[in-house]
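Encoded as structure tokens, the structure appears first; notes follow it.
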Amino acid sequence: MKNANPVSRGLAVAAIAWASFGLVACAREQTAAAAPAAAPAKTAADFFPIKIGERTVRLQLAVRPHEMQRGLMERRDLGKDDGMIFVYDKPQQMNFWMRNTPTPLDIGFFGPDGALAEVYPLHPFDEKTVSSRGKELRFAVETNQGWYAANGVKPGQKLDLKALAAALKERGFDPKRYGL
């Protein structure tokens with residue numbers, strides 16, 4: 001562009017820059033549209049298949065304090081092999097009751113290694129506290145009453161901690177916080 005007007009040269013450069021920006025923006029939009037969207041984190045309402053011993057149960061995860069307080073209150077729709085697991089960030093003695101819970105349940109208390117330590121029946125609407133004897137427990141699993149006995153799940157059998165860690169990740173939690 002010998003002897004070109006500096007204003008014309010500036011407009012030409014601006015036009016080329018604008019066109020380049022438009023191509024880059026279009027390419028970014030196409031890439032974003034082609035990339036799969038990240039799946040939203042699962043919620044406390046979602047079920048996860050987790051083995052206890054040789055049996056698989058579909059468990060909802062109660063991790064946050066308000067999820068633990070709510071538990072299975074007012075639930076009448078628990079499936080035959082459904083339940084809820086309460087996940088604690090440190091080992092402790094556990095205490096449960098059945099306030100506003102119409103479904104008869106069993107509760108199993110598990111140690112940090114995933115071994116079932118104790119099982120107790122829980123009766124509908126019973127507000128009497130059921131406490132674990134153990135003081136170093138990390139997980140509690142509520143199922144329909146009789147589930148543990150009907151499925152031959154006895155103390156010493158293990159909770160699948162790898163499946164639990166994967167479920168916690170899907171819920172958006174760091175499994176390491178829960179000893180996994």
Report task. Would you check which residues across region 149-161 are of a type outside the set (S, T, N, Q) and in contact with a Leu (Cβ under 8 Å, 6 or more places away or on another chain) and list them? Result -> VAL153, LYS154, PRO155, GLY156, LYS158, LEU159, LEU161
Query raised in the report: Are any of the residues in region 132-139 over 30 Å from ALA39 (Cβ atoms), charged (D, E, K, R), part of a loop (DSSP other than H, G, I, E, B) and out of contact with any strand residue (DSSP E or B) (no Cβ under 9 Å at 6 or more places or on another chain)?
Result: no
Query raised in the report: Does THR143 count as crowded, with 18+ Cβ neighbours inside 10 Å, out of contact with any helix residue (DSSP H, G or I) (no Cβ under 9 Å at 6 or more places or on another chain), under 19 Å from ASP46 (Cβ atoms) and of a type in the set (Val, Ile, Thr)?
Result: yes
Report summary line: Scanning region 90-122 for residues that are β-branched (Val, Ile, Thr) and part of a strand (DSSP E or B), the one surrounded by the fewest Cβ atoms within 10 Å (Cβ to Cβ) turns out to be VAL119
Query raised in the report: Can you name every residue in region 73-89 that is under 17 Å from PHE125 (Cβ atoms) and either outside any loop (DSSP other than H, G, I, E, B) or aliphatic (A, V, I, L, M) (or both)?
Result: MET73, LEU78
Query - Test: residue in region 74-86 that is of a type in the set (Phe, Trp, Tyr), touching a helix residue (DSSP H, G or I) at 6+ places or on another chain (Cβ under 7 Å) and surrounded by 15 or more Cβ atoms within 10 Å (Cβ to Cβ) - result: yes
**Report entry** Search result, residues across region 53-72 that are under 27 Å from GLU127 (Cβ atoms) and either among the charged types (D, E, K, R) or in a strand (DSSP E or B) (or both)
**Finding:** VAL57, LEU59, GLN60, LEU61, ALA62, ARG64, GLU67, ARG70
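Any read-out appearing in this document is the output of simple, stated calculations on the displayed coordinates, not a laboratory observation. Worth saying up front: this structure is predicted, and the values here are computed from it rather than measured. So basically every Cβ, Gly included, is an ideal-geometry build from the backbone, and we count neighbours across all protein chains shown.
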